[in-house]
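Here's the structure we're looking at; comments come further down.
The values are calculated or read from the model by the stated rules, or taken from the named source; none is laboratory data. Here the structure is a predicted model, which is why all the values come from computation and not from measurement. Cβ: placed from backbone, ideal geometry, glycine included. Neighbour counts: every protein chain shown.
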Amino acid sequence: MGSIHAFMTGVNAYPAHIAKPLTGCVNDITEARRLLTDRTGGAARVRVLLDGAVTVAAVEDGIRTFLGAVGPGDTALFWFSGHGTETVASGADLLIEATGRNQALVCADGPLLDKRLGALLGEVAGRGAHVVAVLDCCYSGGATRDDAEAAGMTARFAPPPPRWGEGEAARSVAREDMAGDAAQGVTRDVELPQVPLRHLLLAASRLDQLSYEGEFDGRRHGVFTHALLGAARAAGPDTTYRKLLAAADARVQRAGGGQRPVLYPEAPGVADLPFLGGAVAGATGDHLLRFGAHGWEVDCGTGHGLRDGAGAEGTEFSVVDTGWAGEPNGPISSDSSDSPNRAGGEDGTAPGGVLRARVVRADRTLVDPVDWLPDTARVYPVVLSALASAPATVSVAADGLPGAAERLAAAVASAGPGGGPSPLLQVVDAPGDSGDPHFRVVARDGFASVLDRDGTALVDPLPFGEDPAGNGAGDPDPRRLAACLTHLAGWRRLRDFTSRPSVLDNQVRVEIVPWDAPDGPALVPDGRGEIVRAYGAGSAERPREPWVSIRLHNRSQRALWCVLLDLTDSYAADSALFPGHFIGPGRTGHALDGDPVQLSLPPTRPLVPGAEVRDWLKLIVAEGELNTVPFRMRAWDPARAVSRADGAGAEDPGTAGVLRFEGPDRSGGRREAGRVTGAVPVRWATRTIALRTVVPWGPTGPGA
C-alpha cells in the first residue's frame, strides 16, 4: 500500500455576503482527521484548511500541489464540509447538466464549480493514484425543494447571489481564470465533462436533496460525516467503500435527516476497493443487507428489475458465507454499540440465512429474516437466491362465445402447482391493461389462437369453446388452453430473466465459430442482434445443416461454474450443451465436450426455402454449483397436456413463479434456520445469445 495524502477543508464562519454560518463543519474535519490518524498510525500526510482559509484559490492549489504530489499506488483524499449551492445552467452546460443546474461547493469567498473540482481530481488520478472525494454539503438540488428541516437540523445550502453569475457568465469568469493561468505558465481546463471519471465520490445527498447538520452526543456534525465516521470506526481494516457507504446510509436514515448519501461510480470496480486504498478486496456480494429506518432492507429494488406488489414475497435473498472478523469480506458494523452476536451462525455470518421480500421499492427492498435474527449493528453481503416474476397477462377476444374470458380465468385459477392458481398468469379485460409479456387469445369456430402482443401466432390453434358450425371442433374444458399459456409464460420468464449488476458480469465469454474454421474469428450478431447460420448446398433432396463449435472462456482469476442452456422456439429448455461444470481461471470449456454442435430444424418442419428455427443460448455463471432443475423445460406438446387430476402446473419445475438460485439440495428440501439444508447461496450472472438457423432461398427466391 502506498502513502496517503489527505486534504481536508471545513467552513463554519462564512462572511455574511457569502452564506449563513454553520457550526458543525470544523468538528467534521477534526473528527475525520482523528479517524485518519488512528487508522494509519499517524502515517498519513494531512493538510487542513478551516474557515476563512478555505478560498477557491487555496482549494485549487491544495489539490493541484499537495494532492498532486502523489504517485502510482498512493491514495489522495479530498474532504469538504460546508455549504453547497447551484446556479442555473445555460448554453453548452445544458448538454451535460440534465437537472438544468450547475452545482458548486461554497468556499469562504465563493463557489467552486463541480466540473472544475472534477477536472482537478481527474488530473491527480491521472498520476496513477487512487483518488477519493468526500463532500458533506448540499451538493445540488436544494434551491428547488421545500423540504422542512427536521428538529435541530440545519441545511448546508447557500442560495447563490447574482454576482456569482449564472450559465454563460460563470463560464466567462472561468475562461478569464484560464487566461490568467496561461500567463503564469499554468495549464488547466475548466470544463472536462468528457473526461472519464477516475476518482470515487462519497456525497452527502442526491442531486435533488438537501444535506443537514445536527447535534450528536453534544457536538454539532454533518449528518453524513457523523454516520460515515461511525461506520468507518466500526469497520474492519479491509472494508470496501460500497459496504462502508451502505452502513453510513443506514445510520443517516435512523438520524432522520431525510437525505440519501451517494456512492459514485457504484458499478463493480473502484467502489469495491478497500477504504483508503490498498490491494483490491475480494468481491463481497451483489447487494447488502442493513438495518435502516424502516427495518431490514437490501439495496435492490424495482429499479434493478425486481417484482413489486402482490407476489413479491417470492423474492428472497441469502447471506453469503464470507468469513468474520479479520476476513476481507466479513460483515461490518453499522452501529458503534457493542451489540451481542445474534446472527444465525456461530461466527455471526449466518451463511445461507434467508431474507424474504416484504415491500419492494424503486431503490431497495424491505425484507424479513426467515427463522434467524441478524445483528442490527452489522451489514451483511447477500445474493438474490429466489427471483419472483410478475405474471404474464392474457386477454381474450371471442366473438359469439359469451363468457369465454370468465371460463379461461377459472381454468387459470386451478392451473398452478397442486391445482391452485397459476402465479404465472393473469387474465385481463384488454391488452391496454396488460403488462409484459402479454398473450392474446382469439377464439373462433371452436378453436383458440394464442398470439404474441404483435399478433404473431405462438402455437397451433387449440380447441376451445364450441363450434357453431357443428363440425365437431371445440372443447368446453379450457384447461388445455390454460396449460399452454402457463407453459409459454414459464418459458418466457426463463428466456428473459437477467442478473442484476453482478461482480461476475462479463467474466465468461461465449464464442461460436464455424466447425470447419475453428481458428477463424467468432461469429458476431447481425443488425437484429442475432447470429445467423444458413443451411449449405447438400444433395438435391436435402440441404446440409450448419455445424459450429461453442467455447466458454473464463477470463477471471478464479474458477467459475457455468451452465449453457438452449431455449428453443418449441418452448423447451435444456442444459445438454454444457450441463454445468467448473471452468478454471483463464481456461476454456467446450460445449458437447468439444464435439460439433449441429444447428438444424426439428424433424417436424419441412426443409423448404425460407424455413427457420430460433434458439436462445443462455449462459449462467456462478461462484458455486447451482441446481439446474428449475432451468429445464420440455417442449410444448398439446398431446401431453396434463390431466385434470394432475394439475396444469405439475409437468415442469419452477411453475410457482419463482426461480431459485441455490446449490443442489442434498437433503430433500428441508429448511433449517431459514436456509435450505445443503444448499449454498452463490453469486450469479447471465448472458443470452440469440441464434437463427435458416434454409436460404434460391437465386430466384425472395431477396435474390
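Only one residue in Leu229, Leu210 is more than 15 Å from Tyr380 (Cβ to Cβ), surrounded by fewer than 24 Cβ atoms within 10 Å (Cβ to Cβ) and of a type in the set (A, V, I, L, M, F, W, C). Which one? Full working, then the answer.
Values: Leu210 fails: surrounded by fewer than 24 Cβ atoms within 10 Å (Cβ to Cβ).
When all the criteria are applied, what remains is Leu229.
Would you check if there is a residue in the range 39-54 being aliphatic (A, V, I, L, M), under 29 Å from Ala234 (Cα atoms), in a loop (DSSP other than H, G, I, E, B) and modelled with pLDDT under 90?
Start the filter on the range 39-54 by keeping residues that are aliphatic (A, V, I, L, M), which leaves 43-44, 46, 48-50, 53-54.
Checking which are under 29 Å from Ala234 (Cα atoms) leaves us with 43-44, 46, 48-50.
Narrowing further to those that are in a loop (DSSP other than H, G, I, E, B): 43-44.
Those left that are additionally modelled with pLDDT under 90: 43-44.
The answer is yes, given that some residue of the range 39-54 is aliphatic (A, V, I, L, M), under 29 Å from Ala234 (Cα atoms), in a loop (DSSP other than H, G, I, E, B) and modelled with pLDDT under 90.
Six or more apart or on different chains, Cβ atoms under 7 Å: show the pairs whose first residue is in the range 683-698 and closer than 30 Å to Tyr380 by Cβ and among the charged types (D, E, K, R) and whose second is modelled with pLDDT of 90 or more and part of a strand (DSSP E or B).
Within 7 Å, the pairs are Arg683/Ala622; Arg687/Val510; Arg687/Leu619.
With Ala283, Ala271 as the choices, which residue is among the hydrophobic types (A, V, I, L, M, F, W, C), under 19 Å from Pro381 (Cα atoms) and at pLDDT below 75? Write out each step before concluding.
On the way: Ala271 fails: at pLDDT below 75.
Matching residue, one of Ala283, Ala271: Ala283.
All but one of (1) in contact with a Ser or Thr (Cβ under 9 Å, 6 or more places away or on another chain); (2) part of a helix (DSSP H, G or I) hold for Glu60; state the number of the condition that does not hold.
Every listed condition holds for Glu60 apart from (1).
What residue, of Gly292, Gly326, Gly314, Gly305, is over 30 Å from Phe7 (Cβ atoms), surrounded by fewer than 18 Cβ atoms within 10 Å (Cβ to Cβ), at pLDDT 70 or above and outside the structural domain of Thr37 (by TED's automatic domain parsing)? Let's see the steps before the verdict.
Details: Gly292 fails: surrounded by fewer than 18 Cβ atoms within 10 Å (Cβ to Cβ); Gly326 fails: at pLDDT 70 or above; Gly314 fails: surrounded by fewer than 18 Cβ atoms within 10 Å (Cβ to Cβ).
Residue meeting the stated conditions: Gly305.
Would you confirm, using the coordinates I've provided, whether Gly71 is at pLDDT 85 or above and in a loop (DSSP other than H, G, I, E, B)?
On the way: at pLDDT 85 or above: yes; in a loop (DSSP other than H, G, I, E, B): yes.
Yes; evaluated as a whole, the condition is true for this residue.
Taking Val608, is it surrounded by fewer than 14 Cβ atoms within 10 Å (Cβ to Cβ) and under 18 Å from Phe497 (Cβ atoms)? Quick ask: steps written out before the conclusion?
Working: surrounded by fewer than 14 Cβ atoms within 10 Å (Cβ to Cβ): yes; under 18 Å from Phe497 (Cβ atoms): no.
Spelling it out, it is not the case that Val608 is surrounded by fewer than 14 Cβ atoms within 10 Å (Cβ to Cβ) and under 18 Å from Phe497 (Cβ atoms).
Among the residues in the range 643-658, are any closer than 30 Å to Leu481 by Cα and either modelled with pLDDT of 75 or more or of a type in the set (Phe, Trp, Tyr) (or both)? Outline the logic, then answer.
Here is the first cut: in the range 643-658, the ones closer than 30 Å to Leu481 by Cα are 643-658.
In the following step, the residues that additionally are either modelled with pLDDT of 75 or more or of a type in the set (Phe, Trp, Tyr) (or both) were identified as 657-658.
Yes.
Quick check on my filter: what residues within the range 499-548 are in a loop (DSSP other than H, G, I, E, B), within 37 Å of the chain's Cα centre (by Cα), of a type in the set (Asp, Glu) and surrounded by 10 or more Cβ atoms within 10 Å (Cβ to Cβ)?
Asp505, Asp526
Check Gly10, Gly52 and return the single one that is more than 32 Å from the chain's Cα centre (by Cα) and surrounded by 23 or more Cβ atoms within 10 Å (Cβ to Cβ).
On the way: Gly52 fails: surrounded by 23 or more Cβ atoms within 10 Å (Cβ to Cβ).
After ruling out the rest, the residue left standing is Gly10.
Given the criteria at pLDDT 75 or above and assigned by TED's automatic domain parsing to the domain that holds His130, does Val262 qualify?
Details: at pLDDT 75 or above: yes; assigned by TED's automatic domain parsing to the domain that holds His130: yes.
So Val262 fits the description; yes.
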